[in-house]
Amino acid sequence: MIDQQETAAKRAALLALKVFGGTCWVAAYREAIAETEEEGTELLPEAALAFNLAWEAIYSAGGIWTWRKLSLEDRVQTVINISWLAHDVKWAQAIRKSGATVRPALIALAVSYQLAFLARLPPGEAARISALWQNLGFSAYCALTDSQSKANERVSRFTLLRAVGTAVPTMTSGVLRGVELRYLVPGMGCVAFDLMRLVKHGKGLKWRPSR
């Protein structure tokens, strides 16, 4: 999806935004892992982790397999995907230690979901659209079902980082490279639900490092 007429400066800016958005997600995963290890609390439902693992495994493998043919931007995305996968595997291990598991049936469903997009769309487009729609579904679920009344700084940080991590690729794919509603609609919906959860969960954020 790279426009050959993009200037070097624009490509550099888009690459920097990609790295920033990916880093926000890594930071969100670190918050989730710490929360699970210390409190035994899962900040996303089991199904969300299954869908994340399936997406990351498929597109990490695809990026590695086609590495020599990839653009610099796609190589960076592959490295980000691998980082996400490593963190989600660590999160799944933390969940298992707390007494829960990610059921194989959910992994199979998540893989089927990804393959359905890949059967109809080019890999890059399938990756972006499938990720945005699954994030929208789970963000909506968390926002509408989260009944926690006590503010928790880690949950707030996690939710805000998710919102920023989704908003950045939504803007790059849905605005900066031309207005694309197929990216804007699910992406901004996801951000809206994450912010709704953030508001429901507590007022204000204290950005102290998690221990």
For segment 96-127, which positions are under 23 Å from residue 45 (Cα atoms), open to solvent by less than 50 Å² (accessible area, probe 1.4 Å) and at pLDDT below 95? 100, 102, 106
So which residues in segment 128-174 are open to solvent by 30 Å² or more (accessible area, probe 1.4 Å), assigned to a helix (DSSP H, G or I) and of a type in the set (Ser, Thr, Tyr)? 141, 145
Unmet requirement for residue 72, which otherwise passes all of (1) without any contact (Cβ under 8 Å) to a residue 40 or more places away in the chain; (2) open to solvent by 40 Å² or more (accessible area, probe 1.4 Å): (1)
Yes or no: residue 54 more than 21 Å from residue 191 (Cα to Cα) and open to solvent by 10 Å² or more (accessible area, probe 1.4 Å)? no
Could we say that residue 42 is buried (at least 19 other Cβ atoms within 10 Å of the Cβ) and acidic (Asp, Glu) here? no
Among the listed residues 37, 31, 6, which satisfies the condition of being in a helix (DSSP H, G or I), modelled with pLDDT under 95, open to solvent by less than 40 Å² (accessible area, probe 1.4 Å) and not hydrophobic (A, V, I, L, M, F, W, C)? 31
Exactly one condition in (1) open to solvent by 30 Å² or more (accessible area, probe 1.4 Å); (2) in a helix (DSSP H, G or I); (3) free of Cβ contacts under 8 Å to residues at least 24 places away in the same chain is not met by residue 89; state its number. (3)
Segment 103-127, residues that are of a type in the set (Gly, Ala, Ser) and either closer than 27 Å to residue 184 by Cβ or part of a loop (DSSP other than H, G, I, E, B) (or both): 110, 112, 116, 119, 124, 126, 127
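The values are calculated or read from the model by the stated rules, or taken from the named source; none is laboratory data. Model, not experiment: these values are computed from the prediction. Reconstructed Cβ throughout: ideal geometry from the backbone, glycine too, with neighbour counts over all protein chains shown. The area values use the complete protein model at the heavy-atom level, side chains included, leaving out ligands, DNA and RNA. Shrake-Rupley method; radii C 1.70, N 1.55, O 1.52, S 1.80 Å.
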